1. First select every other residue whose beta carbon is under 9 angstrom from the beta carbon of L155; then total the charges, Lys and Arg +1, Asp and Glu -1.
2. What order do you get for 630-643, 33-46 when each peptide is scored by the mean count of other beta carbon atoms within 10 Å, highest first?
3. Excluding ligands, DNA and RNA, what is the solvent-accessible area per residue of segment 235-304 at a probe of 1.4 Å, expressed in Å²?
4. Tell me whether segment 316-382 comes out rounded, prolate or oblate; compute the Cα gyration tensor, take square roots of the eigenvalues as a ≥ b ≥ c, and use a/c under 1.5 as the rounded threshold.
5. Mind checking the dipole of the chain: about its Cα centre, +1 per Lys or Arg Cβ, -1 per Asp or Glu Cβ, Debye to the nearest 20?
6. What angle do you read, to the nearest 10 degrees and between 0 and 90, between the alpha-carbon axis of helix 338-348 and the longest principal axis of the chain?
7. Restricting to DSSP H runs of at least four residues, report the calculated mean residue ellipticity at 222 nm for the chain, -39500 (n - 2.57) per run over all residues, nearest 500 deg cm²/dmol.
8. Rounded if a/c is under 1.5, else prolate if a/b beats b/c, else oblate: with a ≥ b ≥ c from the C-alpha gyration tensor eigenvalues square-rooted, which is segment 799-874?
Amino acid sequence: MKVPYHWLKEYVETDLAPNELANRLTMAGLEVDSVEERWPKIVTAKITYLEPIKGSNHLNATRVTTGQGDERSVVCGAPNIKVGDVVPLALPGAVVQGEGGETFTIGVAKKMGVKSEGMLCSPRELGLSSDHQGIYILPPETPLGMAWEEVVIDLDIKAHRGDLFGVASIAREVAAFHHTRLKLPPMDVPERGKQKAGAMASVTVEVPDMCPRFTARVIQNVQIGPSPLWMVLRLAAAGVRSINNVVDISNYVMLELGQPLHTFDYDRIADHRLIVRRARQGETLVTLDDQKRDLDPDMVVICDSTGPISLAGVMGGATSEVSPTSTNILLEAATWNPANIRRTSTKLGLRSEASSRFEKGLDPELAIMGLNRAAHLLAELAGGIVAPGVIDIYPHPVKPRTLRFSTHDVEFLLGYSVTPGEAAEALTALEFGVELDSEGDGMTVTVPTWRGDVQEAADLVEEVARVLGYDRITGSIPAGPLPEPQRENWFARQERVRDIMAGAGLREIVTYPLTSRAAMLNILHDTSNVAPLLLGAVDPVAQISPNGNGAMATEKGAMATEKGAMNRAPTAKNGAKRAKKEIAVAESPAPTLPALSPDQMPVVLLQNPLSSKQETLRLTLLVSLLEALGENARQGAESARLFEVGRRYVPTPGMAKGEDLPIERRSLGVILSGPTGDEWLGTQRDMDFFDLKGIAELLFSALHISGARFTPTHHPSFHPGRCALIELPISAEAGAPARPAGIMGEIHPGVAQRFDLTHRAYALELDLERLYAAAPEGFHVQPISRYPALRRDIAVVVSRDVAAGDVAAAIREAGGALVQSVTLFDVYEGAPIPPDQRSLAFTIIYQAADRTLSDADGDAERAKVVKLLGERFGAKIRE
């Protein structure tokens, strides 16, 4: 909000210099962004002599006077000047605007042998308009020597203070802390004529909830022309360019009082009747910027009998626009529903000075003030004849609210005491009504209708502090008990995960959690079952039925394990060790439900989305990861290693009824694609499933989590047979049962194609809350054994549906404390192994802390392993 200093001083007396005033405003809670000088060393002058310069085809030698008994020579090339013209003169040292918006400083120079001591300025050089056809010719009555210099205080007004978007409103604040009186501009209306406004025009408001108040006046015989210089300069200082006196008056009143207005050409309104209603589907409107706008029933329009002629609270229409030939106008000032104005302007991508004010919420009482002020100026500056009476549709007048307030509230919140008299004086200065209790420190405060932000006693404490000064608040040492220590410091936990991922060579991305239902379906190859997206959210997981009703199912139902769908991935750290056998594709399809449409997608919908692409909160980080990877691929990136630590949002059964809130889950997402880029020995290769599995294992190792399992599963976003469910213990205690905590695998080729991926992609999503539930709060270290390790290899033949991880766990169980590691190094299927079986080969490392293990010890330990595997899995030693 740009506030010209001299304009402000019209409404409040102050001896504070602009910079001092800016500091005082900031200390009163009105943050000042900048203080800028406009038009220094620009004055009005009169041309007393003009003669062409010999040898030039366009330059003239002129002499000008500022009326102070002085004359100076100025060379000018503009063709539109003559002797006697009053013009703006830029003195040496003045800064003016060039053709491309750049600025330059005026100096003393010689042109064609003639001395030039300044410059006569065009509107563009003064920043008043884009006109550069000639010098700005001022009205003959403009005083000579008038300094144009103005200081503009630029305020950063917050959205909750919609009452401050007017110069007079800022003056009210200055008057309060400066202990002076506010002088509002004149609003008396010189009404003339016999026919009343209500007989000349009519207004019907069909949607009073969208338009709490609608006021209008009829002004006849308006003479459209240029605005006076004082108004042009004030508008320019506030960032608005002059158009003509009628348009300028509506803009001037908006900047002065904060009330937007609109002027209709009275003669172009069919039947002289306005109707405020919702737009109808299929209606269109050409707005003042010559753009055709498609309307819908969520938007409010002002219509005549032919259809929409204005987009309520946002922008007028071209069909009823005031033109240079207009003589009769209908002036409108209304109050509109803030949320509706915000939705309309956002949906159409159309922001205006009016909409920015209406969407912050305006006082309905301000409408009549703005209407009368504009009518006063139209009569004064445009010669308009104001018809008697006002059209005022105001079915439910706003009533001031009252609050109970005590000076004890000030002491409790600010730490210093005030007397009831001081509090009452501060609030009265801001035009609050105050009635002191006969006894005690209490009072009843009546809140002005324009202060919609004051809702409770704490807000009144802030108002008292602003007027009395925040400098009265003294520093003190906090007292009271220390807060309980946080056992779950999620900031530190998430930072730890980020450090581990960055150490693994991944790059962090940060994306919006907002997406669309169509985007969510886009990451699914199989749209019949979205339950896997909800993995790990609750115990049990919310299973959503096709109609989105949210029936409950257990985790096993949400993530059904397919026997034989995928061989258990071999253990590999950072992807260094890989199975030699290609992962098998699942033979049996997952159970399916009827396919979902976007409208049936079970998501957390926003009531007021910014756009259709941001209508819902994401169910999974996969949608954000795939969109980021796809954008990188379209920009030519060959390789990507990305991760995100963020939140996903899971709907609950009671959410639709308003009985429950969605569940927020902290999650980690990882996606890999393209060449590894680190193969300096050998052939370059693409990243694969085991690189991703290595990252997961690195994370578990860094957090000292043991007992992680990778179980074959099915997921609608992943390639069948190349997808694993990540299971973690429910706690860090030994022997704790496992539960699903995440999903990982190769992105389905159909999904990858939708995102224009050029390489196979591998993604992982992990629930951080379940991750840290499995992580111990502390860990123990033990010395490295001084005795040599003993290695034994063993190959066993087991049924194909026996997971390698289960076999490895049994080996560790059989060996006990002597087993240091178990590594799967070979998977074999084929002759002479029976078709329903396979061979798994492991390397087992034994080591004791107190002795050197002998071959006999190794043979004994191997026998234990063979016995346990035989009993548990029917395993046979492969010779």
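The values are calculated or read from the model by the stated rules, or taken from the named source; none is laboratory data. Treat the numbers as computed from the prediction; the structure is a model and nothing was measured. All Cβ positions, even for glycine, are placed from backbone atoms using ideal geometry, and neighbour counts span all protein chains on display. In case anyone asks, the SASA skips ligands and DNA or RNA and just uses the protein heavy atoms, side chains included. Shrake-Rupley method; radii C 1.70, N 1.55, O 1.52, S 1.80 Å.
1. Working: positive: K2; negative: E31, D33, D154, D156.
With Lys, Arg at +1 and Asp, Glu at -1, the net is -3.
2. Highest mean packing first, the order is 33-46, 630-643.
3. Result: 37 Å² per residue.
4. Judged from the Cα gyration tensor, segment 316-382 comes out oblate (a/c at least 1.5, b/c at or above a/b).
5. 2120 debye
6. Helix 338-348 sits at roughly 80 degrees to that axis.
7. Dividing the helical sum by the residues of the chain leaves -7000 deg cm²/dmol.
8. Values: a/c = 2.29, a/b = 2.19, b/c = 1.04.
Prolate is the answer for segment 799-874, as a/c is 1.5 or above and a/b outweighs b/c.
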